[in-house]
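Participant: Have a look at this one.
The values are calculated or read from the model by the stated rules, or taken from the named source; none is laboratory data. If you're wondering where the values come from, they're calculated on a predicted model, not measured in any experiment. Every residue, glycine as well, gets a Cβ built from its backbone with ideal geometry; the counts of neighbours run over all protein chains shown. Ligands, DNA and RNA are stripped out before the accessible areas are found, and what is left, the full protein with its side chains, is counted by its heavy atoms. Shrake-Rupley method; radii C 1.70, N 1.55, O 1.52, S 1.80 Å.
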Amino acid sequence: MPPDVRGLAEIPSVEVISRAAVMLMSAAAERLGLADDEPESSPYRDLDEARRLITALAGLVTSSAEYLGLHAAPLRDGVQSLQKAFREASAVPDAPGQGPGEKYTGPVH
């Protein structure tokens, strides 16, 4: 077994899930342009990509919530913050319940 795989085998599942969630959160924030002073003009802004990342994040966090313990609430808050930021960034907002990840989290207002 390669050493990097063995290393992963020694990491608790909650940490692997949390790391994956943080990576998805960071990527979604970048695609929303949130790392720039002026998100609307960020060269990294891509709402289609952000939608995909937020949906994947929402699915991961929602389906893993029972295993995340005290990590669940901050991750859910992060998902909701990104969903709200997406809604604010959209020229034509999605109908309630149709935004990124809302099929997993419920409508975000």
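Participant: Based on this model, can you work out whether SER63 counts as assigned to a helix (DSSP H, G or I), surrounded by fewer than 16 Cβ atoms within 10 Å (Cβ to Cβ) and either touching a Phe, Trp or Tyr at 6+ places or on another chain (Cβ under 8 Å) or in contact (Cβ under 8 Å) with a residue 40 or more places away in the chain (or both)?
Facilitator: Numbers: assigned to a helix (DSSP H, G or I): yes; surrounded by fewer than 16 Cβ atoms within 10 Å (Cβ to Cβ): yes; either touching a Phe, Trp or Tyr at 6+ places or on another chain (Cβ under 8 Å) or in contact (Cβ under 8 Å) with a residue 40 or more places away in the chain (or both): yes.
Considered against the rule, which asks whether it is assigned to a helix (DSSP H, G or I), surrounded by fewer than 16 Cβ atoms within 10 Å (Cβ to Cβ) and either touching a Phe, Trp or Tyr at 6+ places or on another chain (Cβ under 8 Å) or in contact (Cβ under 8 Å) with a residue 40 or more places away in the chain (or both), SER63 comes out as yes.
Participant: For residues that are at pLDDT 80 or above and among the hydrophobic types (A, V, I, L, M, F, W, C), scanning just region 1-15, find the one that is nearest to the chain's Cα centre (by Cα).
Facilitator: The extreme case among them is VAL14.
Participant: Next question, about the same structure. Looking at GLY69, GLY33, which is the one that is among the small types (Gly, Ala, Ser), modelled with pLDDT under 95 and at positive phi?
Facilitator: The unique qualifying residue is GLY69.
Participant: Just one of the numbered conditions (1) aliphatic (A, V, I, L, M); (2) assigned to a helix (DSSP H, G or I); (3) out of contact with any Ser or Thr (no Cβ under 8 Å at 6 or more places or on another chain) is not true of ALA91; which one?
Facilitator: Only one criterion is unmet by ALA91, namely (2).
Participant: I've got another one for you. If you go through region 33-60 one residue at a time, how many are in contact with a Phe, Trp or Tyr (Cβ under 8 Å, 6 or more places away or on another chain) and surrounded by 17 or more Cβ atoms within 10 Å (Cβ to Cβ)?
Facilitator: 6
Participant: Name the single residue, out of those in region 16-29 being open to solvent by 40 Å² or more (accessible area, probe 1.4 Å) and over 11 Å from the mean Cα position of the chain (by Cα), that is nearest to SER81 (Cα to Cα).
Facilitator: ARG19
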